[in-house]
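Engineer: The structure under discussion is supplied below as structure tokens; questions concerning it will follow.
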Amino acid sequence: MGEDAERIALLEAQAKAVRRAVVEMIAAAGSGHPGGGLSAVEIVTVLYFRVLRVDPTRPRWEERDRFVLSKGHGSAALYAALSLRGFFSPEEFRRFRQTGGLLQGHPDMRKVPGVDMSSGSLGQGLSAALGMALAARYLGRSYRTYVLLGDGECQEGQIWEAAMAAAHWKVDNLTAILDYNRVQLDGPVGDIMELEPLAAKWQAFGWEVIDCPDGHSIGGLLHALEVARTVQGRPAIIIARTVKGKGVSFMEHQAAWHGVSDPSRLPEAVREVCGG
Amino acid sequence: MRPLDRLAMRDAFAQAAIEAAERLPNLIVLDADVSKSTKSSVFAQVFPNRFLNVGIAEQNMVSIAAGLAAAGMIPVVNTFSMLLSMRALDQIRQSVAYTRLNVKIMGHYGGYSAGPEGPTHHAIEDLGIIRSLPNMTLLVPCDATEARAAFHAAVASDGPCYLRLCRNPVPRVLEAPQPFVIGQGYQLRGGWDLTIVAMGVMVARALEAADLLSARGIDARVVAMPSLKPLDRALVERAARETGGIVTAEEHNIYGGLGSAVAEVVAETAPVPVERVAIRDCFAESGDYFELLDKYGLGVRDIEAAAERVLRRKMDARV
């Protein structure tokens with residue numbers, strides 16, 4: 001128990017560093033997607049610092065676990081986790097979204113060590129992750145594939161094509177995580193295009209649905225990921241209830257901060273995540 | 001018309017895929033519920049465990065292929081060319097072209113070869129669309145023999161490749177297999193009055209047109225250009241310099257395809273008269289494949305007439 005608490009405390013500290021890097025990166029660039037980056041901080045932290053079998057010195061290691069950030073606009077969170085995990089120097093943060101930098105607005109697998117799939121145009125990542133999971137089956141490899149979906153992204157038809165296929169082929173080495181922050185670019189998901197009943201939709205498509213009532217709770221995420229790993233004969237999805245813009249008070253739940261709506265307030269955001 | 005191939009291009013594709021799979025254990029074939037049409041079903045019979053039918057979901061198929069390729073496999077995706085190049089275009093662009101992943105895309109039923117299915121199923125914009133994507137290789141073989149060679153060349157090269165295939169048996173051009181080199185065209189017939197540059201089913205028609213021209217004392221060079229991208233720029237430039245006029249012939253809309261590509265090179269290197277035989281920016285109709293080619297401006301006589309226009313413009317330029 002004590003060991004668990006210690007591990008969780010360490011992961012919480014790591015998540016804090018990731019969150020700080022996300023805000024600093026976006027503040028340095030003066031643009032980006034803080035809302036959906038911040039909602040995913042604990043998810044990517046738990047994955048890269050605890051769950052994924054990866055080796056920063058061998059980013060193309062064939063047996064590594066795969067991660068696809070299907071919601072590619074959350075790139076700052078992925079870059080922060082990868083860098084702090086040792087895949088590349090945090091020096092790169094200063095050139096996020098800048099000409100000549102490695103860190104594109106949306107992830108580029110050919111530029112950034114540790115990025116397993118390029119993404120940006122929404123809806124494609126679940127299919128790509130499914131392809132990776134199937135490849136493990138064909139090639140006799142033991143790696144697992146994880147994919148992080150946005151909620152608004154589930155309005156794309158291709159998500160459901162992939163959902164159907166993954167269940168049809170009984171792919172159980174694939175875990176999807178849905179960053180359910182309930183806010184998309186133009187407003188609340190429920191106002192723009194309702195997704196509910198969301199769990200029932202995934203269940204109807206043949207997935208094991210694991211509810212994670214607090215997608216910022218390290219312990220909750222670890223538990224959900226552990227459950228997902230044990231599911232056999234079908235894919236599993238963790239619906240992680242998160243807060244858009246988590247950690248920066250004036251960004252939380254705000255569609256306006258899907259992107260950077262007011263660059264002049266970014267220093268204030270940096271102070272908030274760096275203080276305390 | 002020249003004698004038809006015994007095999008349709010799709011049959012040649014299936015044979016080539018089986019040959020490739022025998023030596024490449026990581027090659028896998030995907031289809032989107034048209035495997036009986038594309039003949040990937042023939043591959044599936046031989047290699048049932050290396051075939052995936054994704055159902056009617058072209059976008060999913062292309063992105064799955066990207067994931068398979070990212071993990072070291074060689075996926076070969078199959079469906080109609082109009083679906084791949086348009087419905088799954090975003091997936092091809094982001095997950096295959098941008099990533100430079102090793103995905104082989106088989107655009108079946110190219111041009112009018114879906115014939116009676118009608119304009120919804122004709123692929124007349126595919127080449128211009130795919131050619132505009134960075135990192136893509138785009139191949140358009142002229143007969144079954146070349147289709148087989150092109151498939152093997154595509155699989156042998158690392159990176160995204162789109163192969164446009166015809167549904168039907170087409171007139172045979174190549175009497176014997178010859179090496180297929182991506183980025184190279186080749187001369188089929190010598191001549192010094194003008195050059196006809198053609199690809200796909202139009203290569204055979206170009207040769208027929210050259211026969212008609214020859215009977216009238218006009219000496220037309222015929223060049224096959226199966227590698228639309230990368231284009232054999234040197235061969236085009238040499239044809240322009242040596243023969244002073246070019247006709248292009250393609251089974252595609254007039255924008256963005258072979259005529260555009262050749263005219264770009266000619267304009268940039270050795271400006272000479274160019275006339276393009278292509279679809280005149282219209283949708284066709286249901287009908288027999290070869291009848292459609294003739295009705296929509298892709299007949300042997302259309303090539304001959306274009307050659308006459310080129311020669312007239314050459315004369316006018318000299319006066």
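Engineer: Please give the number of the condition A:Asp108 fails out of (1) surrounded by fewer than 22 Cβ atoms within 10 Å (Cβ to Cβ); (2) among the acidic types (Asp, Glu); (3) more than 9 Å from chain B (Cβ to nearest Cβ).
Structural biologist: Single failed check for A:Asp108: (3).
Engineer: Let me ask another. Quick one: in region A:82-105, which of the residues that are in a helix (DSSP H, G or I) and among the aliphatic types (A, V, I, L, M) is farthest from the other protein chains (Cβ to nearest Cβ)? Quick ask: steps written out before the conclusion?
Structural biologist: Restricting attention to region A:82-105, the residues satisfying the condition of being in a helix (DSSP H, G or I) are A:82-85, A:90-95.
Next, only the ones that are among the aliphatic types (A, V, I, L, M) stay: A:82, A:84.
Working: A:Leu82: 16, A:Leu84: 24 Å.
Among them, the one singled out is A:Leu84.
Engineer: With within 14 Å of the chain's Cα centre (by Cα) and in a helix (DSSP H, G or I) as the only criterion, which of A:Tyr146, A:Tyr138, A:Tyr79 stands out? Lay out the reasoning, then the answer.
Structural biologist: Numbers: A:Tyr146 fails: in a helix (DSSP H, G or I); A:Tyr138 fails: within 14 Å of the chain's Cα centre (by Cα).
A:Tyr79 is the lone residue from the list that is within 14 Å of the chain's Cα centre (by Cα) and in a helix (DSSP H, G or I).
Engineer: Still on this structure, I have one more. Please indicate, with yes or no, whether at least one residue in region B:102-123 is over 18 Å from the mean Cα position of the chain (by Cα) and under 22 Å from B:Val29 (Cα atoms). Before you say what the answer is, go through the steps one by one.
Structural biologist: Kept after step one, since they are over 18 Å from the mean Cα position of the chain (by Cα), are these residues of region B:102-123: B:102, B:116-120.
Pick out the ones that are also under 22 Å from B:Val29 (Cα atoms) and you get B:102.
Yes, region B:102-123 contains a residue that is over 18 Å from the mean Cα position of the chain (by Cα) and under 22 Å from B:Val29 (Cα atoms).
Engineer: Step by step: first the residues of region B:178-203, then only those that are surrounded by 18 or more Cβ atoms within 10 Å (Cβ to Cβ) and outside any loop (DSSP other than H, G, I, E, B), then the one that is farthest from the chain's Cα centre (by Cα). Which residue is that?
Structural biologist: Within region B:178-203, the match that is farthest from the chain's Cα centre (by Cα) is B:Leu194.
Here is a yes/no grid of residues against (1) touching a helix residue (DSSP H, G or I) at 6+ places or on another chain (Cβ under 6 Å); (2) under 18 Å from B:Ala198 (Cβ atoms); (3) not acidic (Asp, Glu):
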residue: B:Ala278; (1), (2), (3): yes, yes, yes
residue: B:Glu285; (1), (2), (3): no, no, no
residue: B:Tyr289; (1), (2), (3): yes, yes, yes
residue: B:Leu298; (1), (2), (3): no, yes, yes
residue: B:Arg301; (1), (2), (3): no, yes, yes
residue: B:Glu308; (1), (2), (3): no, yes, no
residue: B:Arg312; (1), (2), (3): no, no, yes
residue: B:Asp316; (1), (2), (3): no, no, no
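Engineer: Then there's this: Assess whether B:Met82 counts as being assigned to a helix (DSSP H, G or I), touching an Asp or Glu at 6+ places or on another chain (Cβ under 8 Å) and either buried (at least 22 other Cβ atoms within 10 Å of the Cβ) or among the aromatic types (Phe, Trp, Tyr) (or both). Steps first, answer last, please.
Structural biologist: Numbers: assigned to a helix (DSSP H, G or I): yes; touching an Asp or Glu at 6+ places or on another chain (Cβ under 8 Å): yes; either buried (at least 22 other Cβ atoms within 10 Å of the Cβ) or among the aromatic types (Phe, Trp, Tyr) (or both): yes.
Criteria met by B:Met82.
Engineer: Return only the number of the condition from (1) more than 11 Å from chain A (Cβ to nearest Cβ); (2) not in a helix (DSSP H, G or I) that B:Ala20 does not satisfy.
Structural biologist: The single condition B:Ala20 does not satisfy is (2).
Engineer: A further question follows. Based on what the data block shows, is B:Met82 within 14 Å of chain A (Cβ to nearest Cβ), over 17 Å from B:Lys39 (Cβ atoms) and touching a residue at least 24 places away in the same chain (Cβ under 8 Å)? Spell out the reasoning first.
Structural biologist: Details: within 14 Å of chain A (Cβ to nearest Cβ): no; over 17 Å from B:Lys39 (Cβ atoms): yes; touching a residue at least 24 places away in the same chain (Cβ under 8 Å): yes.
Answer is no for this residue.
Engineer: Can you pull out the residues in region B:60-79 that are facing chain A (nearest Cβ under 7 Å) and touching a Gly at 6+ places or on another chain (Cβ under 8 Å)?
Structural biologist: We begin by selecting, within region B:60-79, every residue facing chain A (nearest Cβ under 7 Å); these are B:60, B:63-68, B:70-73.
Across region B:60-79, the qualifying residues are B:Ser63, B:Ile64, B:Ala65, B:Ala66, B:Gly67, B:Leu68, B:Ala70, B:Ala71.
Engineer: While we're on this one: Output the number of the condition that B:Leu293 fails; it satisfies all remaining conditions of (1) of a type outside the set (Ser, Thr, Tyr); (2) over 19 Å from the mean Cα position of the chain (by Cα); (3) under 19 Å from B:Met199 (Cα atoms).
Structural biologist: Every condition holds for B:Leu293 apart from (2).
Engineer: Being touching a residue at least 12 places away in the same chain (Cβ under 8 Å) and over 16 Å from A:Thr242 (Cα atoms) is the filter here; which residues of region A:190-200 pass it?
Structural biologist: Let us first name the residues in region A:190-200 that are touching a residue at least 12 places away in the same chain (Cβ under 8 Å), namely A:192-193, A:195, A:198-199.
Across region A:190-200, the qualifying residues are A:Ile192, A:Met193.
Engineer: Checking B:Gly128 against (1) among the small types (Gly, Ala, Ser); (2) in contact with a Gly (Cβ under 9 Å, 6 or more places away or on another chain); (3) buried (at least 24 other Cβ atoms within 10 Å of the Cβ): exactly one of these is not met. Which one?
Structural biologist: It is condition (3) that B:Gly128 fails.
Engineer: A further question follows. Assess whether A:Gly206 counts as being in contact (Cβ under 8 Å) with a residue 12 or more places away in the chain and assigned to a loop (DSSP other than H, G, I, E, B). Talk me through it step by step, then tell me what you get.
Structural biologist: On the way: in contact (Cβ under 8 Å) with a residue 12 or more places away in the chain: yes; assigned to a loop (DSSP other than H, G, I, E, B): yes.
Spelling it out, A:Gly206 is indeed in contact (Cβ under 8 Å) with a residue 12 or more places away in the chain and assigned to a loop (DSSP other than H, G, I, E, B).
Engineer: Within region A:18-66, work out how many residues are more than 25 Å from A:Ser127 (Cβ to Cβ) and either part of a loop (DSSP other than H, G, I, E, B) or modelled with pLDDT under 95 (or both).
Structural biologist: Here the count works out to 7.
Engineer: Name the one entry in A:Ser261, A:Ser249 that is modelled with pLDDT under 95, assigned to a loop (DSSP other than H, G, I, E, B) and at negative phi. Show your work before the answer.
Structural biologist: On the way: A:Ser249 fails: modelled with pLDDT under 95.
Exactly one residue qualifies, and that residue is A:Ser261.
Engineer: Select from region A:166-177 the residues that are part of a helix (DSSP H, G or I), within 11 Å of chain B (Cβ to nearest Cβ) and either surrounded by fewer than 24 Cβ atoms within 10 Å (Cβ to Cβ) or within 19 Å of the chain's Cα centre (by Cα) (or both) and list them in ascending order.
Structural biologist: Just the residues of region A:166-177 that are part of a helix (DSSP H, G or I), to begin with: A:166-168.
Within this subset, residues satisfying the condition of being within 11 Å of chain B (Cβ to nearest Cβ) are A:166, A:168.
If the condition is that a residue be part of a helix (DSSP H, G or I), within 11 Å of chain B (Cβ to nearest Cβ) and either surrounded by fewer than 24 Cβ atoms within 10 Å (Cβ to Cβ) or within 19 Å of the chain's Cα centre (by Cα) (or both), then A:His168 is the only one that fits.
Engineer: Let me ask something else. Of all residues in region B:34-44, which are touching a strand residue (DSSP E or B) at 6+ places or on another chain (Cβ under 9 Å) and either surrounded by fewer than 24 Cβ atoms within 10 Å (Cβ to Cβ) or within 14 Å of chain A (Cβ to nearest Cβ) (or both)?
Structural biologist: From region B:34-44, those touching a strand residue (DSSP E or B) at 6+ places or on another chain (Cβ under 9 Å) are B:34-35, B:37-41, B:43-44; that's our starting set.
Of everything in region B:34-44, those that are touching a strand residue (DSSP E or B) at 6+ places or on another chain (Cβ under 9 Å) and either surrounded by fewer than 24 Cβ atoms within 10 Å (Cβ to Cβ) or within 14 Å of chain A (Cβ to nearest Cβ) (or both) turn out to be B:Val34, B:Ser35, B:Ser37, B:Ser41, B:Ala44.
The values are calculated or read from the model by the stated rules, or taken from the named source; none is laboratory data. Here the structure is a predicted model, which means the values were calculated and not measured. Heads up, the Cβs are rebuilt from the backbone with ideal geometry, glycines too, and the neighbour counts pull from every protein chain shown.
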